[in-house]
Amino acid sequence: MLYESYKIKNFVLKNRAVMPPMCMYSADEQGYANDFHLVHYGSRAIGGVGLIIQEATAVSPDGRISIHDLGIWDDSHIPGLKRIVDVIHQNGAVAGIQINHAGRKSKTENPIAPSAINYGGDYKAPREMTKKDIKEVVESFKQSARRANEAGYDLLEIHGAHGYLIFEFLSPLSNQRDDEYKDGTLFLKEVVEAITSVWPKEKILAIRISAYEYVEGGVTPKTISEAINSVKHLGIDIVDVSSGGNIQVKINAFPGYQLDLAKMVRRETKLPVMGGGLITDLKLADHAIGSNRCDLVYFGRVLLRDPYLILNHADDLGIDIEFPEQYIRGKK
Ligand SMILES: Cc1cc2nc3c(=O)[nH]c(=O)nc-3n(C[C@H](O)[C@H](O)[C@H](O)COP(=O)(O)O)c2cc1C
């Protein structure tokens, strides 16, 4: 199943393998893409990955995780991003981008968050967002979505996971407001509405969420699915299921450790899902799809060490994959 194509809207992924967003912290301090990004994303596209989702790209300078994040807060970012899209397309993959505001996990000067609760470690204490801040951030998501469309991305992924701003609103552990935004789905709804006012209906809209926090009082697959269900009618096409990141806690990770979370979110939301986590064995990925735990599988760190994973290991599943023409003489 891993090597079967997958149709979503009018896009056909040539297989079910996804490169999930992975921050490379390799942009300059103004957030512009450079040659590293072209080689990095281009080689995974040549390597046969069906869908590439570009790393968390900041919707505002203060929304950066680090000062070396890629940025999409200004129209001048569009040409550099377009080059990434083009290299992905030229090599046969569908091009996605994750847009993010880092909230209290921003290492910039003045982090903001739903509540003034510190993430811990060497993170600064955030300032509680005013309603004006909320409005501005919603607008920055909207303008970023517009730019992502102009750059040519096929899929836009809202980063609603890992303890960044949207997730901070969703988790009772980081949202202790006493106004209407105490219901974290309100902020999510405003962000999704703003995005769908500019992101074309023909293109794919994804959301990444953490389906579990591994501590009492945090979100669960059920509560997070309820949050997704409250916005899915606005136009969410697929959910990218991850976990953790809002509270510093040790996670017992093993190959496929988040697949059951993906399955639960899939069941509760009735939306297609991407699942993964420490998957390096393509047989496990194939089985995850075959057993309906997820529709697409993401391969993160393994793709950092082996950009050609999908080409090199098709024969583990008895598949004869088509190599890029230039590389045919390298086929085993
Ligand atoms: C270097 C690195 C950077 C990451 N950056 C992001 C990111 O920008 N956005 C995100 O949602 N997840 C990020 N992640 C999480 C990955 O997308 C993925 O969910 C995680 O690594 C688990 O998959 P894996 O075990 O196959 O690596 C990052 C992971 C790594 C290793």
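Structural remarks
- Residue among His40, His77, His68 that is closer than 30 Å to Pro114 by Cβ, of a type outside the set (D, E, K, R) and in a helix (DSSP H, G or I): His77
- Any hit, the stretch 104-123, residues being surrounded by 22 or more Cβ atoms within 10 Å (Cβ to Cβ), modelled with pLDDT of 95 or more, on the phi > 0 side of the Ramachandran plot and not in a loop (DSSP other than H, G, I, E, B): no
- Scanning the stretch 218-259 for residues that are more than 11 Å from the ligand (Cβ to nearest atom), farther than 17 Å from Phe169 by Cα, of a type outside the set (A, V, I, L, M) and outside any loop (DSSP other than H, G, I, E, B) gives Lys232, His233.
- Long-range neighbours under 9 Å by Cβ, at least six apart or interchain, first residue within 13 Å of Lys203 (Cα to Cα) within the stretch 131-160, second of a type in the set (Ser, Thr, Tyr) and within 16 Å of the ligand (Cβ to nearest atom): Ala148/Thr57; Leu156/Ser144
- Total residues in the stretch 20-48 satisfying the condition of being among the hydroxyl-bearing types (Ser, Thr, Tyr) and within 14 Å of the ligand (Cβ to nearest atom): the figure is 3.
- Residues (outside any strand (DSSP E or B) and of a type in the set (A, V, I, L, M, F, W, C)) located in the stretch 196-217: Val198, Trp199, Ala211, Val215
- Flag for Ser140 being touching a His at 6+ places or on another chain (Cβ under 8 Å), more than 16 Å from the ligand (Cβ to nearest atom) and of a type in the set (S, T, N, Q): yes
- Taken over the stretch 220-242, the residue count meeting the criterion of being surrounded by 19 or more Cβ atoms within 10 Å (Cβ to Cβ) and in contact with a helix residue (DSSP H, G or I) (Cβ under 6 Å, 6 or more places away or on another chain) is 7.
- Residues that are in contact with a Leu (Cβ under 9 Å, 6 or more places away or on another chain) and farther than 19 Å from His101 by Cβ were ranked within the stretch 53-85; the one that is nearest to the ligand (Cβ to nearest atom) is Ile84.
- Out of Ala194, Ala145, Ala211, Ala161, sole residue that is away from the ligand (no atom under 16 Å from the Cβ), among the small types (Gly, Ala, Ser), buried (at least 24 other Cβ atoms within 10 Å of the Cβ) and modelled with pLDDT of 95 or more: Ala145
- Pick from the stretch 271-312, criterion away from the ligand (no atom under 12 Å from the Cβ) and β-branched (Val, Ile, Thr), ranking: surrounded by the fewest Cβ atoms within 10 Å (Cβ to Cβ): Ile289
- Cβ separations smaller than 7 Å between residues 6+ apart or across chains give the following pairs from the stretch 75-92 residues that are over 17 Å from Ile46 (Cα atoms) and in contact (Cβ under 8 Å) with a residue 40 or more places away in the chain to residues that are surrounded by fewer than 19 Cβ atoms within 10 Å (Cβ to Cβ) and among the acidic types (Asp, Glu): Ile78/Glu150.
- Note on the stretch 174-189: among residues that are crowded, with 19+ Cβ neighbours inside 10 Å and not polar (S, T, N, Q), the one that is nearest to the ligand (Cβ to nearest atom) is Leu188.
- Scanning the stretch 320-329 for residues that are within 20 Å of Leu51 (Cβ to Cβ), modelled with pLDDT under 95, away from the ligand (no atom under 12 Å from the Cβ) and β-branched (Val, Ile, Thr) turns up at least one hit.
- Neighbours by Cβ (under 6 Å, 6+ apart or cross-chain): first from the stretch 300-320, over 9 Å from Arg44 (Cα atoms); second away from the ligand (no atom under 16 Å from the Cβ) and aliphatic (A, V, I, L, M): Ala314/Ile321
- Restricting the first member to the stretch 321-332 and to residues that are touching a residue at least 24 places away in the same chain (Cβ under 8 Å) and farther than 11 Å from Asn91 by Cβ, and the second to residues that are of a type outside the set (A, V, I, L, M) and assigned to a loop (DSSP other than H, G, I, E, B), the beta-carbon pairs closer than 7 Å and six or more apart or on different chains are Ile321/Tyr3; Ile321/Gly48.
- Residue in the stretch 85-96 that is buried (at least 24 other Cβ atoms within 10 Å of the Cβ), under 20 Å from the mean Cα position of the chain (by Cα) and of a type outside the set (A, V, I, L, M) present: yes
The values are calculated or read from the model by the stated rules, or taken from the named source; none is laboratory data. What you see is a predicted model; the values in this text were computed from it and never measured. So basically every Cβ, Gly included, is an ideal-geometry build from the backbone, and we count neighbours across all protein chains shown.
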